[in-house]
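FYI, it's all coordinate maths here, none of it is from the lab. Note that the structure is predicted; figures quoted are calculated from it, not measured. Note that each Cβ is placed from the backbone with ideal geometry, even for glycine, and that neighbours are counted across all protein chains shown.
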Amino acid sequence: MLTIGVLGLQGAIREHIRSIEACGATAKVIKWPEELNEIDGLILPGGESTTMRRLIDTYQFMKPLRDFVVSGKPLFGTCAGLIMLAKKVVGSSDSHLGVLDVTVERNSFGRQRESFEANLTVKGLEDPFTGVFIRAPHILEVGQNVEVLSEHNGKIVAAKQGNLLGCSFHPELTDDHRITKLFIEMVEKCKKEANV
Ligand code: GLN
């Protein structure tokens, strides 16, 4: 059985837990760094990246999270979680975890469109997925090892690099759990390979 954690400091935590459970995996809210040892993969939820970063520092999560990435276990960042993963954030000299080779721009769909839904074509999914965007970032640039999974109006909104997955929107806010499932499949594959 796989256990997927959701970083439980701030943001849409419960919604991800619900989506993980709907996919048949065990879900765990991660409140303390030691708990990272108990999970096979981790989701960084959407919320507010500045606040999330402050809490990551307060609860001394930065090094344990980086170690988690180095261990090869999969990580999935949604919205603010994507900003946490990105190597570069436009307008900021500092990144957060800085592990996913992308440049992101925060709040990048304009004021008029702070929140919206869009039908997205996502690599790996047969039918379109309804993306819920809330003051969402988008990916401006990707490094050469990054695979673009989805674009909306010419803006990259989902990408994957090895065991790191990131998207601009909130896949946990609909009853369509296919993107959570994609991540769980990454975790499953990683766990199998580690046991070989
Ligand atoms: N705008 C937020 C930020 O920059 C992200 C919004 C979200 O996660 N829904 O952190």
### Query
Do you know which of the residues in the stretch 27-54 that are closer than 27 Å to ASN195 by Cα and β-branched (Val, Ile, Thr) is surrounded by the fewest Cβ atoms within 10 Å (Cβ to Cβ)?
VAL29
### Query
Out of (1) part of a helix (DSSP H, G or I); (2) closer than 18 Å to GLY72 by Cα, the odd one out for THR180 is which?
(2)
### Message
On the basis of being in contact (Cβ under 8 Å) with a residue 12 or more places away in the chain and closer than 25 Å to ILE56 by Cα, does LYS155 make the cut?
### Response
no
### Task
Working only within the stretch 19-32, note down all residues that are more than 11 Å from ILE184 (Cα to Cα), in contact with a helix residue (DSSP H, G or I) (Cβ under 7 Å, 6 or more places away or on another chain) and either free of Cβ contacts under 8 Å to residues at least 12 places away in the same chain or not hydrophobic (A, V, I, L, M, F, W, C) (or both).
LYS28
#### Entry: Considering residues of the stretch 145-168 that are under 14 Å from the mean Cα position of the chain (by Cα) and within 15 Å of the ligand (Cβ to nearest atom) only, the residue surrounded by the fewest Cβ atoms within 10 Å (Cβ to Cβ)
VAL157
### Query
Only one of these conditions is not met by ASP57: (1) over 23 Å from ALA158 (Cα atoms); (2) crowded, with 17+ Cβ neighbours inside 10 Å; (3) of a type in the set (Asp, Glu). Which number is it?
(2)
### Message
If a residue must be in a loop (DSSP other than H, G, I, E, B) and within 15 Å of the chain's Cα centre (by Cα), how many such residues does the stretch 123-144 contain?
### Response
2
### Query
What strands (runs of 3 or more DSSP E) lie completely within the stretch 1-109 and have 1 or more residues being more than 20 Å from GLU172 (Cα to Cα) and not hydrophobic (A, V, I, L, M, F, W, C)?
86-89, 100-105
### Query
Identify, please: which residue in the stretch 3-61 is within 15 Å of the chain's Cα centre (by Cα) and of a type in the set (Lys, Arg) and is, among those, nearest to the ligand (Cβ to nearest atom)?
ARG53
#### Entry: Residue satisfying condition, being free of Cβ contacts under 8 Å to residues at least 24 places away in the same chain and part of a strand (DSSP E or B), within set GLU185, GLU117
GLU117
### Message
I'm checking my understanding of the structure. Among residues of the stretch 79-101 that are of a type in the set (Val, Ile, Thr) and surrounded by fewer than 24 Cβ atoms within 10 Å (Cβ to Cβ), which one is nearest to the ligand (Cβ to nearest atom)?
### Response
VAL89
